[in-house]
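Each remark here refers to the structure printed beneath this line.
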Amino acid sequence: MSKLQKWQILNSKMVLDHPWCQVRQDEIKLPNGQIIDDYFVNIKPDIVLVLPITATREIIFVRQYRHGAEDFFIELPAGRFDPTQESPEDAGMRELQEETGYVAQKLQKIATLYDNPSKENNQIHLYLAENVIKVGEQKLDITEEIEVILIPLESVLEKISQGEISVVGSIAALLLGLKLITD
């Protein structure tokens, strides 16, 4: 049995509490007894990410500007959600339709991952959607300007290798999800 121990939270306070960004400052006691009074945790919403594939084996991507990196990125459709208000599956169906105009009959769970568990508390829920069909137009949020791109399934690994697809969550969903459909 492992002798690893959890850190003990002695005190905790929100130092930034904004609808788009929350940061908690914890005073913690390490298993070795040392006290750290300024350990910061980003409180982030859960994310759902969908790997949508058409009947003609094209993957639907979105291309959009990401201000943190100040550049454009090709990603899979994704979005934040509150798991106390909506299931990951429902959020995935909603985000897919809003961002692309495509819908799926069902979603298959690929995995639930953590992006940065040392400093962030949220999970990323990955889903596969096969045989998606276009049913309408995008319904974008005010901060979204999204170009929908269809890429043949057989071209995706090369695009990752060349750096054209470079967002971690999308790459994880692609590598894990493509294994499901090729098995």
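The values are calculated or read from the model by the stated rules, or taken from the named source; none is laboratory data. Remember, predicted model here, so these are calculated numbers, not experimental data. Here the Cβ is made from the backbone with ideal geometry for all residues, glycine too, and neighbour counts use every protein chain on show. Heavy atoms of the whole protein, side chains included, go into the accessibility calculation; ligands, DNA and RNA do not. Shrake-Rupley method; radii C 1.70, N 1.55, O 1.52, S 1.80 Å.
All conditions in (1) free of Cβ contacts under 8 Å to residues at least 24 places away in the same chain; (2) not in a strand (DSSP E or B) hold for residue 109, with the sole exception of (2). The number of residues in the stretch 56-73 being crowded, with 19+ Cβ neighbours inside 10 Å and either among the polar types (S, T, N, Q) or more than 14 Å from residue 102 (Cβ to Cβ) (or both) comes to 0. Among the candidates 181, 165, the residue that is part of a helix (DSSP H, G or I), over 30 Å from residue 25 (Cβ atoms) and either open to solvent by less than 60 Å² (accessible area, probe 1.4 Å) or at pLDDT 95 or above (or both) is uniquely 181. Sub-8 Å Cβ pairs linking a first residue in the stretch 61-85 that is free of Cβ contacts under 8 Å to residues at least 40 places away in the same chain to a second residue that is surrounded by 20 or more Cβ atoms within 10 Å (Cβ to Cβ) and of a type in the set (Ser, Thr, Tyr), at least 6 apart or interchain, are 77/100, ordered by first then second residue.
For the stretch 74-84, filtered to residues that are within 14 Å of the chain's Cα centre (by Cα) and open to solvent by 60 Å² or more (accessible area, probe 1.4 Å), the residue that is nearest to residue 157 (Cα to Cα) is 80. The single condition from (1) part of a helix (DSSP H, G or I); (2) open to solvent by 80 Å² or more (accessible area, probe 1.4 Å); (3) touching a Lys or Arg at 6+ places or on another chain (Cβ under 9 Å); (4) over 14 Å from residue 59 (Cα atoms) that residue 90 fails is (3).
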